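So the structure is just underneath, and the comments pick up after that.
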Amino acid sequence: MNNTMLLIIAMEECGEFIQRCSKVIRHGTGEKQLNDLNEEAGDVLAMLTLLEKSNLLNRKKLMEQKKVKYTKLQEQGLMGV
C-alpha cells in the first residue's frame, strides 16, 4: 500500500474514532459505547503502526512527544481524568 493510501485510511480511522468519542459523551459509557470506542481506537493504533513501518512516523519521536503531552496535561491538572 502506498503512503498516500495509508494516510487517507489513517485520516478516515481518526474521524471514526472522533465520532465514537462523541457518542460516549452523548450516550454514556455503556458496554456498546465502550466496545465501539475500543474498536475504533484499535483501528487508529493499527494505522499508526503501519505509518511507522512505512517510515512516516518515528517511534522515538512519538514517545518523546507523548512525554511532552503528559507533562502539559499534568500542568493543566488533567492527568488521571
| message | I want to verify a result. In a Gaussian network model of the chain, Cα cutoff 10 Å, which of these has the top mean-square fluctuation: Glu13, Glu39, Glu64? | response | Glu64
| query | Karplus couplings for the range 59-70 from phi (6.51 cos²θ - 1.76 cosθ + 1.60, θ = phi - 60°), rounded to Hz, Gly and Pro as x? | reply | 4, 4, 5, 4, 5, 5, 5, 4, 5, 4, 5, 4
| note | Computed for the chain: size of charge dipole around the Cα centre, +1 on C-beta of each Lys and Arg, -1 on C-beta of each Asp and Glu, debye to nearest 20, value 420 debye
| request: Go ahead and estimate [θ] at 222 nm for the chain from helices alone: -39,500 (n - 2.57) per DSSP H run with n ≥ 4, summed, over the residue count, rounded to 500. | output: -28000 deg cm²/dmol
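How many percent of the accessible area of the chain is carbon or sulfur, using a 1.4 Å probe? Could you put the intermediate results ahead of the total?
Working: 3690 of 6480 Å².
Its accessible area is 57 percent carbon and sulfur atoms.
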| task | Within the range 40-81, find all residues whose amide N lies under 18 Å from a label point positioned 7 Å from the Cα of Thr29 along Cα-to-beta-carbon. | result | 40-42, 78-81
| field | Derived scalar couplings ³J(HN,Hα) [the range 42-48; Karplus, 6.51 cos²θ - 1.76 cosθ + 1.60; whole Hz; x for Gly, Pro] | value | x, 5, 5, 4, 4, 5, 4
| query | With every protein chain left in place, what is the accessible area per residue of the chain in square angstrom, probe 1.4 Å? | reply | 80 Å²
| Value of Rg/Rh across the chain [Cα atoms, Kirkwood radius] | 1.04
| said: Straight-line reach from Lys60: which aspartates and glutamates fall under 19 Å, measuring Cα to Cα and dropping same-chain residues less than 8 apart? | reply: Glu52
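The values are calculated or read from the model by the stated rules, or taken from the named source; none is laboratory data. A quick note: this is a predicted structure, and the numbers were derived from the prediction, not measured. Because the Cβ atoms are built from the backbone with ideal geometry, glycine has one as well, and the counts that use them run over all protein chains shown. SASA here: full protein model, heavy atoms, side chains in, ligands and nucleic acids out. Shrake-Rupley method; radii C 1.70, N 1.55, O 1.52, S 1.80 Å.
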